[in-house]
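Step one of this worksheet: look at the structure below.
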Amino acid sequence: MKKLSLLLFSLMLVLVLAACGGGGNDDASESSDSNETSESSSGEDASSESSGDAEFVIRAGIGLNSEHPQYAGLLKFKEIVEAETDGAIVVETYHSGQLGDDRSMMEALQLGSQEVTIPSTAPIANFVPEFAVFDIPFLMPSVEVADAVLDGEVGQKLLDMLEEQNLVGLAYWENGYRDMSNSVRPIESLADFEGLKIRTMENDLHLAAFRAMGANPTPMAFTELFTALQQGTVDGQENPIATIYLEGFHEVQEYISATNHVYTPFVFMISKPFYDSLPAEYQEIVKNAAIEAGKFEREENRKANEEYKQALIDEGVNFNEVSDEAKEEMREAVQPAVDEFAETIGKEIVQEIYDAIEAAQ
Ligand code: TK8
């Protein structure tokens, strides 16, 4: 009897050990812990997948909320990667800045404490100055040209520059054309920027451009923006329509003006130490999934920007289009700032972008 219970006990012990150790690694169990914390603190299901059996876990965080096409794109990425690796790679998705803002998530990728993030190009310029080339106002004439330039040679050249920062850029997604919102007056001409306190992304060229237009810009992380608008710390901000609508900025802002002053891409990036640790076959799957999901995200984003523009108008928000003459006036006002920054960005890359845009038209 004694012998039998000893046998049973050892059998149970073996089973328990197998269940704990089986296929998992330290990273996986750590990240499912952090996932639980984040779930309970946010009250939303950031990711329901159990990562216990995974060989690799990708913690992917974005700044926008779960309604935004950026998150739909991330879910698409998750679906492709998990299906094609048969669950050997599990993707945990976090939205709304649950893991941090664009800058801090990039830093986490450099350290290897997070695997994926999809920041706007503007804050990337703090890591690789050449990325500020996308912050030249009124640069991209259309989304079709943007696609061609980003998916072409110069786009790839910029992605390659991320490697020296311990980051791997896998694909361009779309944030989109940015419009103004503020609580003081509609922006119909250059003069309307005068004295407005505008939150900008953390990017020196953005700051210089808004100063050149007469505004009083303050850089701020996106995660602090809603509160700043609500409390009147700033008069306004600028983002694509889909973001304005889905983040509810129109609820704390009077006027929305379609300035379309800059086209901001997103960069799908992955931690280099993590990417290097993947077998070549998985690297390929992850890379192609980032590109595929990006195509989907761009489409969804374009639909969303149309749809939410109409929704804003239907909800009675003061929305105005901006004339081509007014845009030209703004473009001229920012030109000296652009010229000044050409040196910092790198004259070569600036020229290459202009050439690529011309070739794509
Ligand atoms: C979200 C940001 C945001 C950007 C900004 O993480 O900061 O205004 O437009 O969408 O990347």
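Miscellaneous remarks
- Members of region 135-148 found to be more than 19 Å from A333 (Cβ to Cβ) and either assigned to a helix (DSSP H, G or I) or within 16 Å of the ligand (Cβ to nearest atom) (or both), listed by number: V143, E144, V145, A146, D147, A148
- Among the criteria (1) within 16 Å of the ligand (Cβ to nearest atom); (2) open to solvent by 20 Å² or more (accessible area, probe 1.4 Å), the one E194 does not fulfil is (1).
- Here the condition is being among the polar types (S, T, N, Q), surrounded by fewer than 24 Cβ atoms within 10 Å (Cβ to Cβ) and within 12 Å of the ligand (Cβ to nearest atom); of T227, T218, T223, it holds for T223 alone.
- Test: R211 is among the charged types (D, E, K, R) and either under 18 Å from the mean Cα position of the chain (by Cα) or assigned to a strand (DSSP E or B) (or both): no
- Criterion (hydroxyl-bearing (S, T, Y) and out of contact with any helix residue (DSSP H, G or I) (no Cβ under 7 Å at 6 or more places or on another chain)) met by exactly one of Y94, Y71: Y71
- Any hit, region 257-266, residues being touching a Pro at 6+ places or on another chain (Cβ under 7 Å), open to solvent by 10 Å² or more (accessible area, probe 1.4 Å), part of a strand (DSSP E or B) and more than 12 Å from the ligand (Cβ to nearest atom): no
- Taken over region 144-173, residues that are under 30 Å from E325 (Cβ atoms) and surrounded by fewer than 17 Cβ atoms within 10 Å (Cβ to Cβ) amount to 2.
- Residues being buried (at least 22 other Cβ atoms within 10 Å of the Cβ) and small (G, A, S) - total across region 239-256: 1
- In region 267-311, of all residues being over 19 Å from V145 (Cα atoms) and within 16 Å of the ligand (Cβ to nearest atom), the one that is surrounded by the most Cβ atoms within 10 Å (Cβ to Cβ) corresponds to F268.
- For region 163-191, a residue qualifies if it is in contact with a helix residue (DSSP H, G or I) (Cβ under 8 Å, 6 or more places away or on another chain) and within 16 Å of the ligand (Cβ to nearest atom), and the qualifying residues are L167, G169, A171, Y172, W173, E174, N175, G176, Y177, D179, S181.
- Tabulated pairs, region 221-240, first free of Cβ contacts under 8 Å to residues at least 40 places away in the same chain, second among the hydrophobic types (A, V, I, L, M, F, W, C) and more than 14 Å from the ligand (Cβ to nearest atom), C-beta under 8 angstrom, 6+ apart or interchain: F226/V252; Q230/V252
- Residues in region 85-118 that are under 15 Å from N166 (Cβ atoms) and either assigned to a loop (DSSP other than H, G, I, E, B) or more than 16 Å from the ligand (Cβ to nearest atom) (or both): 6 in all.
The values are calculated or read from the model by the stated rules, or taken from the named source; none is laboratory data. Since the model is a prediction, treat every value here as computed from it, not as a measurement. Counting neighbours? That spans all protein chains shown, and the Cβs are built from the backbone with ideal geometry, glycine included. The accessibility values were calculated without ligands, DNA or RNA, using every heavy atom of the protein model including side chains. Shrake-Rupley method; radii C 1.70, N 1.55, O 1.52, S 1.80 Å.
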